[in-house]
Amino acid sequence: MTVKELIDKQLFKTVTLSDELEKAISKPFCCDLLSIAMGKAPAGCAWITVMGNINTLAVAALADVSCIILAEGTNLDEAAQNKASSQQITVLRTDLPIFDTALLIHQELHG
């Protein structure tokens with residue numbers, strides 16, 4: 001499944017979009033500790049977190065994630081939203097808990 005296909009399912013609200021919507025999503029990845037996400041987030045994952053700040057974007061770019069999904073009703077602060085737009089990072093959001101969001105992504109990937 002690509003980021004565009006995930007967006008088209010309208011499971012999550014769109015915060016920012018990148019030009020790389022055809023990027024494949026390999027798996028969900030849940031982590032709120034940025035230092036762990038930096039070293040363990042698999043390239044191409046949908047990173048689910050409640051960390052909506054500018055440092056999250058830096059880690060997402062470094063780890064080459066396909067998209068960020070902010071769970072639990074979290075949103076980007078204004079500086080982070082501007083940075084995500086300028087750096088072409090797709091960020092989605094949901095009110096669902098982190099686990100439920102990851103399960104939904106897993107089900108979409110594996111039927």
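General observations
- In the set (1) surrounded by 21 or more Cβ atoms within 10 Å (Cβ to Cβ); (2) modelled with pLDDT under 95; (3) aliphatic (A, V, I, L, M), Ile89 fails one condition alone, (2).
- Filter pass, Leu104 being buried (at least 16 other Cβ atoms within 10 Å of the Cβ) and touching a strand residue (DSSP E or B) at 6+ places or on another chain (Cβ under 8 Å): no
- Within region 35-77, restricting attention to residues that are of a type outside the set (S, T, N, Q) and without any contact (Cβ under 8 Å) to a residue 12 or more places away in the chain, the residue that is nearest to Leu103 (Cα to Cα) is Lys40.
- If you go through region 78-94 and pick out every residue that is free of Cβ contacts under 8 Å to residues at least 24 places away in the same chain and within 17 Å of Met51 (Cα to Cα), you end up with 2.
- All positions within region 1-42 that are under 22 Å from Asn53 (Cβ atoms) and of a type in the set (Ser, Thr, Tyr): Thr14, Thr16, Ser18, Ser35
- Selection from region 54-110 of residues that are outside any helix (DSSP H, G or I), of a type in the set (Asp, Glu) and out of contact with any Pro (no Cβ under 8 Å at 6 or more places or on another chain): Asp64, Asp77, Asp95
- Per the listing Leu34, Leu17, Leu76, Leu70, the residue uniquely surrounded by 15 or more Cβ atoms within 10 Å (Cβ to Cβ), touching a strand residue (DSSP E or B) at 6+ places or on another chain (Cβ under 8 Å) and either more than 19 Å from Gln107 (Cα to Cα) or among the basic types (Lys, Arg) (or both) is Leu76.
The values are calculated or read from the model by the stated rules, or taken from the named source; none is laboratory data. Treat the numbers as computed from the prediction; the structure is a model and nothing was measured. No Cβ is skipped: glycine too gets one built from the backbone with ideal geometry, and neighbour counts run over all protein chains shown.
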